[in-house]
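Heads up, the thing below is written out as structure tokens.
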Amino acid sequence: MKGSIVILLLCLALVIVSCSGPSISAVGEADDLIVVLDSGLRGTAGAQIEETFSAESKWLLGELTYRVLVTTPRDFGNLRNRRHILLMGTWGDGGVAELVQKNVAGVPVSGAPVFHITTDVWAARQVVVTLMGNSPEELVDYIESHRNELLEALLTASRERLARGLCEEPAAADIRVMLEERYGWSLCLPSGYEFDSGAAAEGFVIFGRRQPDRFVFVRWVDGIQEEVTRDSLIAARDALCSAYHNGDGVELRRPVLADTVSFAGLTALQVSGWWGNMELVGGGPFRTYCFYDPDAQRTYIVDVSLFAPGLDKTSLMRNLDAIANTFSVGVQ
């Protein structure tokens, strides 16, 4: 009888562990990518996939979108806890196909090439991408015709997983509740950020962290603003920084990218570029979102920016962008 109870307790413990997901957290920077390839793909589809994900950023000039490390299924063991993993292979050849079939649920085992994304396979806060096909030729054709979609899908999945991870932090709960109660919106922030609410009565607050300098600010005004364009949002950002944030101005000599995106469950204008400050002799990347919330009848601007001379910007800005994408309106 006692033996049966012990076995039952062990089974329950195994169930609890399996339901809770991986017991370790993913490691690595937000711009690291481990690519696991079957050996037969190294010179064909492998070269294409590495070129796709390590392309130079259109926004952060001179930096790569991802720093790619290529490995084989046999040498993958010590890398399973990395933050971003891409598994690519062909069915029936063992290697990557066996890894996918044993560890990644929901990937169809036949048919046309499939690009599949899941999270938390070997580690918590991990994004795992699979690209499987029946032949190397199929994979080459698929990558060639879907380059932009593949890159954007990984960037989106990575940002969303980063944002969820921030909101899962116990320390994030208190500040979320405080922001919801005071202002009707919330953010999930990691530890170390200072909160300046001195201009909250005017609809502006800012969060900052040093070494390197990172900033998140939120602006809100009642009512629908005039049609927001790339240029009007740049002007609005310049005016806000002039009034509340050191007088930073958008550097129009560098690329300034504008896109319509989904943000906080609503449609937003996203502007990405570079700020500069002649008096303080500094500059760095920023990303700004502007959108109208019909329920609150408010227009919001959510902005993240970085000053990190001598450091790679991509990983730091990707983490800041994840903070911005935890933004929510209304009480959750």
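The values are calculated or read from the model by the stated rules, or taken from the named source; none is laboratory data. Since this is a predicted model, take the numbers as computed values, not measurements. Here Cβ is always computed from backbone atoms with ideal geometry, including for glycine, and neighbour counts include all displayed protein chains. For accessibility, only protein heavy atoms count, side chains too; no ligands or nucleic acids. Shrake-Rupley method; radii C 1.70, N 1.55, O 1.52, S 1.80 Å.
Observations on the structure shown:
- Note that the stretch 211-226 has calculated 3J(HN,Hα) couplings of 6, x, 6, 10, 9, 10, 10, 10, 10, 9, 9, 6, x, 7, 7, 4 Hz, one per residue in order, obtained from phi through the Karplus relation 6.51 cos²θ - 1.76 cosθ + 1.60 (θ = phi - 60°); glycine and proline are x.
- Positive-end residue, the chain charge dipole about Cα centroid, Cβ charges, pick of 133, 119, 46: 119
- Of all DSSP bridge pairs formed entirely within the chain, close to 75 percent run antiparallel.
- Cα-based equivalent ellipsoid, the chain: semi-axes from gyration tensor eigenvalues, Å: 39, 27, 18
- Given charges at Cβ of Lys, Arg, Asp, Glu: the chain dipole, positive-most of 320, 85, 61: 85
- Remark: the stretch 92-105, residue by residue, has Karplus-estimated 3J(HN,Hα) of x, 9, x, x, 5, 4, 5, 4, 5, 5, 7, 10, 10, 7 Hz, where x stands for each Gly or Pro and the curve is 6.51 cos²θ - 1.76 cosθ + 1.60 at θ = phi - 60°.
- Note, ³J(HN,Hα) from phi for the stretch 131-147, Karplus 6.51, -1.76, 1.60, rounded to Hz, x at Gly and Pro: 9, 10, x, 8, 7, x, 5, 4, 5, 4, 5, 5, 4, 4, 8, 10, 4
- Kirkwood hydrodynamic radius (C-alpha pairs) into Stokes-Einstein, the stretch 86-125, 20 °C and 1.002 mPa s, D in µm²/s: 196 µm²/s
- Here the stretch 35-147 is treated as a Stokes sphere of Kirkwood radius computed over C-alpha pairs; at 20 °C and 1.002 mPa s its diffusion coefficient rounds to 150 µm²/s.
- log₁₀ of I(q)/I(0) at q = 0.13, 0.14, 0.31 Å⁻¹ - the stretch 253-305, Debye sum with one point per alpha carbon: -0.39, -0.44, -1.18
- Accessible-area composition of the stretch 204-332, carbon plus sulfur, in percent [1.4 Å probe]: 48 percent
- Residues residue 155 and residue 44, FRET efficiency given R0 of 25 Å [Cβ-Cβ distance, rounded to 0.05]: 0.55
- Accessible area of the stretch 209-332 divided out per residue, in Å², using a probe of 1.4 angstrom: 48 Å²
- A 1.4 Å probe run over the stretch 52-112, with the rest of the protein chains in place, finds 49 Å² accessible per residue.
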